[in-house]
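Worksheet: one structure, shown below.
The values are calculated or read from the model by the stated rules, or taken from the named source; none is laboratory data. For clarity, every value in this text was computed on a predicted model and none was experimentally measured. Note that we place each Cβ from the backbone using ideal geometry, even for glycine, and neighbour counts take in every protein chain shown.
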Amino acid sequence: MRTFSSRKQGYFGPYGGRFVPETLMPALQELEEGFFSSLRDRTFQQELAHLRRTYIGRPTPLYRAERFGRRVGVPRVYLKREDLAHTGAHKINNAVAQVLLAKKMGKNRVIAETGAGQHGVATATGAALVGLDCEIYMGTDDMARQALNVYRMRLLGARVTEVATGSRTLKDAINEALRDWTTNVRTTHYVMGTVFGPHPFPLMVRHFQSVIGKEAKRQILDAEGRLPDYLVACVGGGSNALGLFAPFLEDPVRMIGVEAGGRGLEVGAHAARFAGGSVGVFQGCKSYVLQDDNGNIVGTHSVSAGLDYASVGPEHSFLKESGRVEYTYATDDEALSAFDLLSQTEGIIPALESAHALAEVVKRARTLPQETIIVVNLSGRGDKDVQHVARLRGEDL
Amino acid sequence: MRTSISQTFARLRREGGKAFIPYVMAGDPSIGRSREIVLLFEKCGADIVELGVPFSDPLADGPIIQRAAERSLRQGTSLRSVISFVREVRGATQIPIVLMTYFNPVFRYGPSDFIRDARGAGVDGVVIPDLPPEEATDFVRSARRLRLDTIFLLAPTSTEERIRKVVHYSSGFIYYVSITGITGAELLLDGSMERSIAQIRQRTTMPIAVGFGVSTPDEAAHVARLSDGVIVGSAIVKRLGDTRESLERYLTALRQAIA
């Protein structure tokens, strides 16, 4: 496994680390040991592989979106169909693996934060699957945006706890989940939903998600007989992007991460950490953060709850700094157009998060030669967003 | 030469006393009020004052201190203004002052500049709950040079190995977190604290102060018997809106209980 560029444990270059209160330090060490021992545990690996195949529905297809591709000017646009994974997004890859690990480590309860609700649904699903108690923290504003997912979590037997502090979105849900974990650390595992937070989460979640890129590599070689020219993925915390990118990092393939440009790059109107942020230490790790001069975290906005977050996985900061991955952003409006375009050209309603990646393809394709091969991570399906989009357009369902 | 925090604990040890360490969030609800509170702490017999620096995302704190931070941030309080406040309050009191701040404001300020400016203003020690020793090597080195005490936390979950590490990096005192939880949560007096503190004492002669969840004078008395000092935060912050007399009565009762 390709791990760190720096010898300091838990770091990607200067980014990452483990900035948490002492109470959690032993649990993170225990988790790190549990994770590394699971890599050598044949039974665990077989069980995970079995669930990927029979429960999650992997491998997910790599679909050539030809009508969409022709419309934007590059006929070879492939979609990695994570939207077809059980529960409708890539989040399940990580959640199922982490609940299995929690069970193996003897925990009887899992907690998680959620923004768009997909990770909450995935964790609630995993908890139901292996028989663990489950509590999900979600910001008040996100609960309003993603009411359907709130109800799904409850149907799955999870308790959904509203977080009404701070900006009432994902970052506040993470604060609250960390507080819960600090309190119940002996019995509880925190299923971090993205490649963020204190070591070993960024490394572990990347590992569990890299199944996406491994499959995509095999699939594109089968379909085209060569590697793609571009990989494109949206970046909130950044787990779907790293899941796709990681197995290609040593290959001659260009990669683009797309952040949420919201309503534009004024403070509070976006979540484009690389375009408008600076290095900071937030929620357990050192990475790019949207902050003010005094080191307080500033508000964010995105039409997509899953990208509406003030920081980004530390490995992305490293990949940006090293120039290996290019980061850009798409605005709310661009994402909404791409949302419509994919729906109408392919009969696939993408998640608003994934629509940001598609928006970049729309922009980029104009400048690219016809024979370019692009693989886009279609990280989730858009059913959860239908109501929200209707509301934005003044329609009441 | 010893730092003023070490001198305070040495004096208490000689006198057979325990440290009373009250907490207040700087700038809650105003810097002027914080000045009054710090002086009131001293008047009521505090040995060390813990001064909170507000942060937008205080993940080790419960709702009472979270709200105090929000009030303070609305007043425009920043790490820089808290340092100025300490410089200003030094005209009126020499009581040892420990800043409690999250790491990002310090990181943004520049850790070396922070150490220099805070120490220059009269700050004696610093507690950074989200900066464990592993991440603090450079910080501790710079702080030692300027004799700013670095107070690290130990928790009920800390292992032998972690106790050794925290002891190695700490100076002034060790902050023992009485519960697995956040500030202001309910204290559990089940004998486990006694065992943990005994375990730490095998590794160090450094003073141990206990915080998180201490609220009543009875609890403070119990904790004081096991440790070298008691930190009271949320329970004081909650009473800042009370009359001066009632707050003073409460602080005095805590002082008397911590003997």
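Residue by residue through region A:87-122, note down the ones that are within 16 Å of residue A:169 (Cα to Cα) and not charged (D, E, K, R).
Those that are within 16 Å of residue A:169 (Cα to Cα) and not charged (D, E, K, R): A:112, A:114, A:115, A:116, A:117, A:118, A:119, A:120.
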### Summary
Selection from region A:289-312 of residues touching a strand residue (DSSP E or B) at 6+ places or on another chain (Cβ under 7 Å), closer than 22 Å to residue A:380 by Cα and not hydroxyl-bearing (Ser, Thr, Tyr) yields A:301, A:307, A:308, A:310, A:312
### Task
Within region B:111-154, count every residue that is in contact with a Phe, Trp or Tyr (Cβ under 8 Å, 6 or more places away or on another chain) and in a loop (DSSP other than H, G, I, E, B).
7
### Message
Can you find, within region A:255-287, the residue that is nearest to residue A:363 (Cα to Cα) among those that are without any contact (Cβ under 8 Å) to a residue 60 or more places away in the chain and within 16 Å of the chain's Cα centre (by Cα)?
### Response
A:272
### Task
Check region A:95-110 and report whether any residue there is within 14 Å of another protein chain (Cβ to nearest Cβ) and on the phi > 0 side of the Ramachandran plot.
no
#### Entry: Evaluation of residue B:51 against (1) under 18 Å from residue B:184 (Cβ atoms); (2) at the interface with chain A (Cβ under 8 Å from one of its Cβ atoms) (one fails), failing number
(2)
### Subset of region B:160-179 (residues that are closer than 13 Å to residue B:133 by Cβ, assigned to a loop (DSSP other than H, G, I, E, B) and at the interface with chain A (Cβ under 9 Å from one of its Cβ atoms))
none
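A quick yes/no check of all residues on (1) hydroxyl-bearing (Ser, Thr, Tyr); (2) under 27 Å from residue A:323 (Cβ atoms); (3) modelled with pLDDT of 95 or more:
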{"position": "A:161", "(1), (2), (3)": "yes, no, yes"}
{"position": "A:180", "(1), (2), (3)": "no, no, yes"}
{"position": "A:208", "(1), (2), (3)": "no, yes, yes"}
{"position": "A:215", "(1), (2), (3)": "no, yes, yes"}
{"position": "A:222", "(1), (2), (3)": "no, no, yes"}
{"position": "A:229", "(1), (2), (3)": "no, yes, yes"}
{"position": "A:238", "(1), (2), (3)": "no, yes, yes"}
{"position": "A:241", "(1), (2), (3)": "no, yes, yes"}
### Filter result (part of a loop (DSSP other than H, G, I, E, B), farther than 20 Å from residue A:184 by Cβ, under 19 Å from the mean Cα position of the chain (by Cα) and in contact (Cβ under 8 Å) with a residue 40 or more places away in the chain) within region B:180-214
B:207
### Query
Inside region B:1-48, can you point out the residues that are surrounded by 15 or more Cβ atoms within 10 Å (Cβ to Cβ), within 16 Å of residue B:242 (Cα to Cα) and small (Gly, Ala, Ser)?
B:34
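Of these, A:275, A:269, which one is under 27 Å from residue A:79 (Cα atoms) and not basic (Lys, Arg)?
After ruling out the rest, the residue left standing is A:275.
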### Summary
If we keep only residues of region A:309-348 that are of a type in the set (Val, Ile, Thr) and surrounded by fewer than 21 Cβ atoms within 10 Å (Cβ to Cβ), then the residue nearest to the chain's Cα centre (by Cα) is A:328
### Task
Take region B:176-204 and flag every residue that is under 21 Å from residue A:179 (Cβ atoms), touching a helix residue (DSSP H, G or I) at 6+ places or on another chain (Cβ under 9 Å) and at pLDDT below 90.
B:179, B:180, B:181, B:182, B:183, B:184, B:185, B:187
### Summary
Over region B:72-105, the set of residues touching a strand residue (DSSP E or B) at 6+ places or on another chain (Cβ under 9 Å), within 13 Å of chain A (Cβ to nearest Cβ) and either closer than 18 Å to residue A:177 by Cα or assigned to a helix (DSSP H, G or I) (or both) is B:72, B:79, B:82, B:83, B:102, B:103, B:104
### Message
Checking residue A:225 against (1) without any contact (Cβ under 8 Å) to a residue 24 or more places away in the chain; (2) in contact with a helix residue (DSSP H, G or I) (Cβ under 7 Å, 6 or more places away or on another chain); (3) of a type in the set (Gly, Ala, Ser), only one condition comes out false. Which one?
### Response
(2)
### Message
Against the definition (in contact with a Ser or Thr (Cβ under 8 Å, 6 or more places away or on another chain), at pLDDT 95 or above and more than 14 Å from chain B (Cβ to nearest Cβ)), how does residue A:35 come out, yes or no?
### Response
no
### Task
Considering every residue within region A:214-235, establish whether at least one is closer than 26 Å to residue B:103 by Cα and either buried (at least 23 other Cβ atoms within 10 Å of the Cβ) or in contact with a Ser or Thr (Cβ under 6 Å, 6 or more places away or on another chain) (or both).
yes
## Note on the structure
Only one of B:141, B:147 is away from every other protein chain (no Cβ under 11 Å), at positive phi and either surrounded by fewer than 21 Cβ atoms within 10 Å (Cβ to Cβ) or at pLDDT 95 or above (or both), namely B:147
### Task
Return only the number of the condition from (1) under 27 Å from residue B:216 (Cβ atoms); (2) more than 11 Å from chain A (Cβ to nearest Cβ); (3) small (Gly, Ala, Ser) that residue B:185 does not satisfy.
(2)
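Which helices (runs of 4 or more DSSP H) does region A:153-253 wholly contain that include 3 or more residues that are within 14 Å of chain B (Cβ to nearest Cβ)?
A:170-184
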### Task
With the condition kept exactly as written, say whether any residue in region B:193-202 is within 14 Å of chain A (Cβ to nearest Cβ) and touching a Gly at 6+ places or on another chain (Cβ under 8 Å).
no
### Which listed residue is buried (at least 17 other Cβ atoms within 10 Å of the Cβ), small (Gly, Ala, Ser), at negative phi and within 14 Å of chain B (Cβ to nearest Cβ), from A:65, A:27
A:27
